[in-house]
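These notes concern the structure reproduced below.
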Amino acid sequence: MRQSLQETRAQGTLMRPLKIYLMQEPNGKIDVPYHWQESTEIIWIQTGELNLKIQEKSFVGRAGDIIYINPRELHGMQSQTPDCTYLAFIFPLSWLQFTQPDEVAERYLSPLAEGNAQVTTQLPSSVARQTGIAFQEIYDHYCSSDGNWLIIKANLIGFYARLYQNNLVTYGQQDNSAQMRLLLEITRYIQTHCAEKLSLNELGRVFHMSPKYFSVFFQKHFSRNFTEYLTAIRIERAKKLLVESDADMELISQQAGFSSSSYFIRMFRKALDLTPGQYRKKFRL
């Protein structure tokens, strides 16, 4: 997997590497374009419905459902209903392993961390109900100023025990087909160069396709056209800059790839029904 595809935002801290995001938008339009990270991501849907595309397979998650995204899997999601909210638990599997090698690490955790085993994407409802209790306890301690991280970690290890008990882990390498590698390369290029001027002509030249063929290919595999995807990538970058920096609108518009601050503000408001300034005030970390 090429490192340039990787999600660059640091997750958690060195001593507490778990990060939990409450995902919601004021207008209900959650739109997370294709990306990947080395960490595991577990999505616990709280309300509404969420459409997910993971390694080119489509899933629909509803309240109470749990979706597991293995490390280095290409994924994106969009809200299906305006009341959609979910919790995203993101952490490196290495955090759950131990300094002294043992059977738990070697037999159960290492294969998942190394990509030699994968967890079923959408957990059965019975397992999701059981797991939801543990995840609620994790979230409660995570949000508490004196949260017990021993309980948090113990619940996550218990979660993996439940996955194995229910035969929800399969062994084998992740999809490394030529087509998947091409999709990852396209994603990498757009994410790396989204702050620059990008066009179908340029992408077609880079990936040895005519602009027309590239457009059709992109629409088929990304479930949206190139312009829509590029705008979503830029909006996502702008959202992070708004909540994680003090940069002014002109600088954010440049770093996110918009031609001007006025155009950035107009497109941002169209996507989220909030101005960038209102978004920063509402969601500032």
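The values are calculated or read from the model by the stated rules, or taken from the named source; none is laboratory data. These figures come from a predicted structure and were not determined experimentally. Cβ coordinates were reconstructed from backbone atoms using ideal geometry, including for glycine residues, and neighbour counts include every protein chain displayed. Remember, those area values only see protein heavy atoms, side chains included, never the ligands or the DNA or RNA. Shrake-Rupley method; radii C 1.70, N 1.55, O 1.52, S 1.80 Å.
Quick one: net charge of Phe98's neighbours, Cβ under 12 Å, K/R +1, D/E -1? Present the calculation step by step, with values, prior to reporting the outcome.
Values: positive: Lys153; negative: Asp102, Glu103, Glu106.
After counting each charged neighbour, the total is -2.
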Item to complete: Mind jotting down the distance between the C-alpha centroids of region 200-268 and region 37-109, whole Å?
Response: 25 Å
Fill in: Where Met77, Met15 fall by accessible area, highest first, once all protein chains stay in place (1.4 Å)
Met15, Met77
Fill in: Extended-chain gain in nm, criterion 0.36 nm per residue less alpha-carbon gap, Glu38 and Tyr213
59.8 nm
Response to the item:
Two pseudo-spin positions, 7 Å from Cα along C-beta at Gln46 and at Ser125, lie apart in nanometres by 2.3 nm
Worksheet item: For His75, His141, His35, what's the largest-to-smallest order of accessible area, 1.4 Å probe?
Response: His141, His35, His75
Worksheet item: Nearest 0.05, what FRET efficiency do His221 and Ile151 give at R0 = 45 Å with Cβ-Cβ as r?
Response: 0.60
Worksheet entry | Fraction of beta bridges assigned by DSSP in the chain that are antiparallel (%, nearest 5) | 95 percent
Practice prompt. Roll a 1.4 Å probe over the protein chains and send me the accessible area per residue for region 140-285 in Å².
Written response: 56 Å²
Worksheet, complete the sentence: Which residues qualify? For Gln122, with a placed amide H closer than 5 Å and at least 5 residues away or on another chain, they are Tyr68
Worksheet entry | In nm, spacing of pseudo-spin labels at Gln173 and Asp273 (7 Å Cα→C-beta vector) | 4.7 nm
Practice prompt. Taking the chain as the reference, fit the longest principal axis to its C-alpha atoms, fit the long axis of helix 149-165 to the helix C-alpha atoms, and give the angle between the two in degrees, 0 to 90, nearest 10.
Written response: 80 degrees
Worksheet item: From the list [x] 32, 24, 18; [y] 32, 28, 15; [z] 27, 26, 18, can you say which value of semi-axes √(5λ) of the Cα gyration tensor in Å was derived from the structure given?
Response: [x]
Worksheet item: Net charge near Tyr86, counting Lys/Arg +1 and Asp/Glu -1 over other residues with Cβ under 12 Å of its Cβ?
Response: -4
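What are the semi-axes of the equivalent ellipsoid for region 179-285, taken as the square roots of 5 times the Cα gyration tensor eigenvalues, largest first, in whole Å? Write out the running numbers ahead of the final one.
Details: eigenvalues 162, 32, 31 Å².
Over the Cα atoms of region 179-285, the semi-axes work out to 28, 13, 12 Å.
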Discussion item. From the C-alpha coordinates alone, can you work out the Kirkwood hydrodynamic radius of region 5-117, in Å?
Written reply: 15.0 Å
Item to complete: May I ask which of Lys29/Lys282; Lys19/Lys220; Lys57/Lys270; Lys29/Lys197 have a Cα-Cα span longer than 21 Å here?
Response: Lys19/Lys220; Lys57/Lys270; Lys29/Lys197
Item to complete: Calculate what fraction, in whole %, of the accessible area of region 128-261 sits on carbon and sulfur atoms when a 1.4 Å probe is rolled over the protein chains.
Response: 52 percent
Worksheet item: Could you give the nm distance between label points at Gln136 and Asn27, where each point is 7 Å from its Cα heading toward the beta carbon?
Response: 3.4 nm
Worksheet item: When all protein chains stay in place, what accessible area (Å², nearest 10, 1.4 Å probe) is found for Asp140?
Response: 90 Å²
Worksheet, complete the sentence: For region 212-285 the trypsin sites (Lys or Arg not before Pro) that pass both the DSSP coil test and the at-most-12 other-Cβ-within-10 Å test are Arg284
Worksheet item: Any idea of Tyr279's accessible area? Nearest 10 Å², probe 1.4 Å.
Response: 20 Å²
